[in-house]
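We did not get these values from a lab; they are worked out from the coordinates using the rules stated. Remember, it's a predicted structure, so these values are computed and weren't measured experimentally. Every residue, glycine among them, receives a Cβ derived from its backbone with ideal geometry; neighbour counts consider all protein chains shown.
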Amino acid sequence: MSRGSVVAAGTGLVLGLLALGPALAPGFTLAYDMVFVPHPTFDRETFGLAGMLPRHVPSDAVVTALAHVAPADLVQKAILLAVFVIACVSASALVPSERLTARLAGGVVYAWNPFVAERLLLGQWALLLGYAALPWVVRAAARGEPRRLVLALVPAAIGGFAAMAVSGLVVLLIGLHRPRPGRSVGAGRSGAGRSVGVGWSGQDLPWLLAGLLVMSLPWLVPSLARFSGVPADPAGVAAFAARADTPFGALGSLLLLGGGWNAETVPPGYGAVVTAVPWLCVVLLALVAYARGGRAAATRGLGVAALAGLVLAALGAVVPGLLRWAIGLWPGFAILRDGHQYVAPLAVVVAVGAGLAVDRVAGGRPELAVLAFLVPVALLPGLAWGAGGRLAAVRYPADWSRARAVVAAEPGTVLVLPWEAYRTYAWNGGRRVLDPLPRYLPGRVVLNDAVRVGTGGRRDLRMAVEDPRARALDPLISSGAPLTDALRARGIRYVAVDASEEFGTWGARLPGAERVVTGPDLTLYRIPGAAGSRETPVSQWPTAIASFTTFAVVVWSMRLPVGSLFRSLSPKEP
């Protein structure tokens, strides 16, 4: 690893410590989709073989494996810090400059921006892991090297479908725009034009796409097995469309790398005129610098990928009818609903351009370049210290541990109430989080996976229930009728109620159920005489073969020493 990579890694670590702050204290940080639990276990849900669509595959499996080596809360902290370290290292390596200060400036912009802040507050660490390594993917795809591409895709492959979708867009468009053999291309300020020895001739792209496909197998195979049973829900287009979080509207907010659909995940103070206008100037300056000097062979096609990503990000806000039609045609197009994630390639362009701008403006004056490092932090102070306390470590209540011991001693299917996907626990500081019980409790856990999104209108939008078993129970639970006999017939052995304000409401609907855990944070009921589960299991062999294939290809690719990956992605030191 070069000296520049070491310095960039240290810079990224400092940024991560500053951003996470209280989240690094003992315990777990629970925020929206970020759910880590102590002592996770492998089950069918871990590999996407039961319940919801495999959105957390293979990230849950990787976390579970790591938690068998180190405490799960330390695993979470290490992953979150790794996002900042990898982002700073990979982006700095892509800036075509011999000056370390210019490359570090690009790394800081890439690791500290509205995209990172909003996705971190949304709890989407898996997407951010793939985002962090995206500049490595750019370089490997531009060079047409499938083996290095496989290594560069490992973080995105761990992240799963969203991270791989963004990486796939980049690989496809960069692969299509590689220069032909022998064509002379510019190398930016860092060097003169050179002749490309290996260019696109229709032979490299299939191999790049093959590497992309193999790295997607762990989540793709179980997803294909489930698409036929997932209801198409075009209502999600309006719920997850980009929204304005700056004075420049939805499109302007996307250009500034913000514009996420969830208003609650905007970092404190972001979007005010006093910071939005200077940040707009930084982004525009970076785009101009990239247009003038960043389109070297190493990043050829990246601008097209950034533009395509911006178009995809804007679909839900600009032409929602087209996206609704596509989802109705095939549910798989729902991957485009949350368009904000496709702004990631634009973030790479802004980072490279920012580095080039510093290279040109600061020149040989390192003191000005160092000041440039502070600009992203100064314009987005709301990300610091756990986004002003929005991210903080907590411990799970003792009631939860007692419930897990009961279920482990006498396994059975658990139904989680209230019938909502997200919770605001008092012991979690009132922060909204996806109910952790399905991961916390062993075995099959059924909950309502239909996300409800507030739109600011007269009523909230509620997505369709995806889990077939939850979908079958939805009318019963929503009816207000007694539940005990019906749940017994459907093979539900336990009912866990984890909202203290609703203990009485749900207890009244469970006549005859035995209360086996009672506490201020959770009540667990056992239903006597529950029938065996009637759920038809999904075959595990295709998923097992897919995961083994991906693992084998990664091992094959590591015949290329990892150190050479860093060397190949890092400019030579001056």
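Overview of results
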read-out	value
Net charge of neighbours whose Cβ lies under 13 Å from the Cβ of LEU251, counting Lys and Arg as +1 and Asp and Glu as -1	0
Debye, to nearest 20: dipole size of the range 397-526, +1 on Lys, Arg Cβ, -1 on Asp, Glu Cβ	160 debye
Local electrostatic count at GLU145 - Lys and Arg +1, Asp and Glu -1, tallied over other residues with Cβ under 12 Å	+4
Between helix 344-362 and the chain: long-axis angle, C-alpha atoms, 0 to 90°, nearest 10	40 degrees
Environment charge at ARG559 (Cβ cut-off 12 Å; Lys +1, Arg +1, Asp -1, Glu -1)	+2
Highest to lowest packing among 250-263, 492-505, 422-435, scored as the average C-beta count within 10 Å	250-263, 492-505, 422-435
Computed helical MRE - 222 nm, the chain, DSSP H runs ≥ 4 contributing -39500 (n - 2.57), nearest 500	-16500 deg cm²/dmol
Length-normalised contact order of the range 397-526 in % [C-alpha pairs under 8 Å, at least 6 apart]	29 percent
Helix 398-409 axis, angle to the chain major axis (alpha carbon atoms, nearest 10°)	70 degrees
Cβ-placed point charges (K, R +1; D, E -1), dipole of the chain about Cα centre in debye, nearest 20	1480 debye
Relative contact order (percent, whole number), the chain, Cα cutoff 8 Å, 6+ residue spacing	21 percent
Residue (of LEU205, VAL348, ALA489) at the positive-pole extreme of the chain, dipole from beta-carbon charges	LEU205
Helix 366-379 vs. the chain, principal-axis angle (Cα, 0 to 90°, nearest 10)	30 degrees
